[in-house]
Amino acid sequence: MTERGHMMDDAWYMDYAAGSLDSVGEEVLIASHLELSGTASERVAELERIGAALLMVAGDEGELNFSADDIFDLDAQAAATTPMAANDIDSEIILPEALKSFLDGIDRDVKWEFLGPGLQKAMLWDGPEQEKLWLLKAKPGVAIPHHGHNGSELTLVLKGSFHDGTQQYCRGDVEEAGPDTEHDIRIDDGDECICLALTRGKLRYDSPLLKLFQVFTGL
């Protein structure tokens, strides 16, 4: 894993800063991510400063009087002059405050259910377009079967870590997957892994047995 960790695409951070995310699920996952990742929270702060600067230098007609290169220069200056926010989240605390607040306010029973050998899930929220917010708990060393996606998936690591190919995802990291993504995930040794996932559409399996099992898991 790089020093920056695994960040989301800037479009997510811009939508969060602008208050224009599409769903409750996106708000909970991204707010939780920002609590756990000092790099991500600082990136949002940079984008907010850039947005404020754009408004200040806009002309009377609402047009910008500088080029795209000036925007990138401003971005670089903000990153160089502002210290990175420290990630002071206690490693023993699994749930960020954004997720805790959400759980306190939902009106459904949340319980761990069997998902597969060494795997459990807890469904938290159902939205439009088959959108689901849920928790995944996996034992160390467990391999999640090869699968693809019929829609999008955001996976935030709350505890432990996993590998997708050569890439490692640790606490605070987010993995983005889409319809073109196919992967094999293996939970790292040492500690159980707990993730917050937001999916649109069901997972896609090649194995007929896994397709049948999918009827019972709802994923």
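Each reported figure results from applying straightforward, stated rules to the coordinates on display, with no laboratory input. Everything numeric in this text was worked out from a predicted model, so none of it was measured. Every residue, glycine among them, receives a Cβ derived from its backbone with ideal geometry; neighbour counts consider all protein chains shown.
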Residue span Asn150 to Ile106: 0.36 nm per residue of separation minus Cα-Cα distance leaves a gain in nm of 13.1 nm
Neighbours of Leu21 by Cβ distance under 9 Å: Lys/Arg at +1, Asp/Glu at -1, summed charge -4
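Local charge sum around Glu176 (other residues, Cβ-Cβ under 10 Å, Lys/Arg +1, Asp/Glu -1)?
On the way: positive: none; negative: Asp9, Glu153, Glu175.
Net local charge, Glu176 excluded: -3.
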Under 5 Å from the placed amide H of Asp188, counting only residues 5+ away or on other chains, we find Gly141, Ser161, Phe162, His163
Surrounding charge for Asp188, neighbours by C-beta under 13 angstrom, Lys/Arg +1, Asp/Glu -1, total -1
Rh (Kirkwood, all Cα-Cα pairs) for the stretch 104-199, Å, reads 13.8 Å
With a Förster distance of 35 angstrom and the Cβ-Cβ distance between Ala45 and Val24, calculated FRET efficiency to the nearest 0.05 equals 0.90
The answer for Glu131, listing residues at least 5 apart or on another chain whose modeled amide H is closer than 5 Å to its amide H, is Gly201
Subtracting the Cα-Cα distance of Asp126 and Lys139 from 0.36 nm times their residue separation yields 2.1 nm
